[in-house]
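Take a look at the structure below.
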Amino acid sequence: MMKNAQKLILNSVVAFVLSASLPIIALAATLPDAPHVVVAARGEVEAMPDIARLQLQISETSDSAVKAKSAVDQRSAQVLNAVAEQGVPESDIRASQIRVYPDYDWQDGKRVLRGQRVERSVDITLTDLSRYGALLDALVNAGISELGNVSFDLSRREALQAEAVQAAIADANAKAEVLAAGFGRKLAGVYHIDEGASAPVVYERAMMMDAKVGAQAPMLVGTETVSASLTVVFLLK
């Protein structure tokens, strides 16, 4: 009777200490009646981005929508041709529909119509970062004076995520073995696994490109960390 009581106390202490930082409600439905240990594990994989996504906006304000649209159409054609000449396939170029709206300004506290503004957005996905500088030069020569957001991504994200999960599994096993041994126990198997919804740490930098700078501006890219989190309930024997 005394031994059974000691086992229950040991089980309660281990579970309480290890799960104190975990949501109580989430654990309530997944904890077994048998002796167990709960561990929180994390795995991370670092990689250099190999994809760049550029967001351009071509706009013009004129006294008439027709004039503004004509200017935007001409510059859009120059941009699309320049991008194609850099070897970017059509599938990696997405041009939005034309947007037309009145453009107002404030003068002496009054709203004054400046003209009709026409805008068009162009999104480019560059899968060969060695062409990044040449692409910027081509865009500048095509009449782009300002570049919006530039974000970097990973083409192997799913594979890297799987590697991060494997690292989290190894971390969970190592922690559980150390804790079980510390209490004179051994692992008897896995009772429950909960994969956390931890978001990857994405390295993203917004870049503004001046037409005078061109490709001389450095491409500021750092490593990206892809992570995975697990909460695992191990049975003890």
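The lone criterion from (1) within 30 Å of residue 159 (Cα to Cα); (2) more than 29 Å from the chain's Cα centre (by Cα) left unmet by residue 65 is number (1). Residues in segment 146-198 that are outside any loop (DSSP other than H, G, I, E, B), in contact with a strand residue (DSSP E or B) (Cβ under 6 Å, 6 or more places away or on another chain) and within 17 Å of residue 49 (Cα to Cα): 149, 150, 151, 152, 153, 160, 161, 163, 164.
Is there a residue being over 28 Å from residue 132 (Cα atoms), at pLDDT 90 or above and touching a Phe, Trp or Tyr at 6+ places or on another chain (Cβ under 7 Å) anywhere in segment 50-69? Scanning segment 50-69 turns up no residue that is over 28 Å from residue 132 (Cα atoms), at pLDDT 90 or above and touching a Phe, Trp or Tyr at 6+ places or on another chain (Cβ under 7 Å).
Mind listing just one residue for me: the one in segment 62-108 that is aliphatic (A, V, I, L, M) and touching an Asp or Glu at 6+ places or on another chain (Cβ under 7 Å) and, of those, surrounded by the fewest Cβ atoms within 10 Å (Cβ to Cβ)? Taking the candidates together, the pick is 71.
The values are calculated or read from the model by the stated rules, or taken from the named source; none is laboratory data. Since the model is a prediction, treat every value here as computed from it, not as a measurement. Note that we place each Cβ from the backbone using ideal geometry, even for glycine, and neighbour counts take in every protein chain shown.
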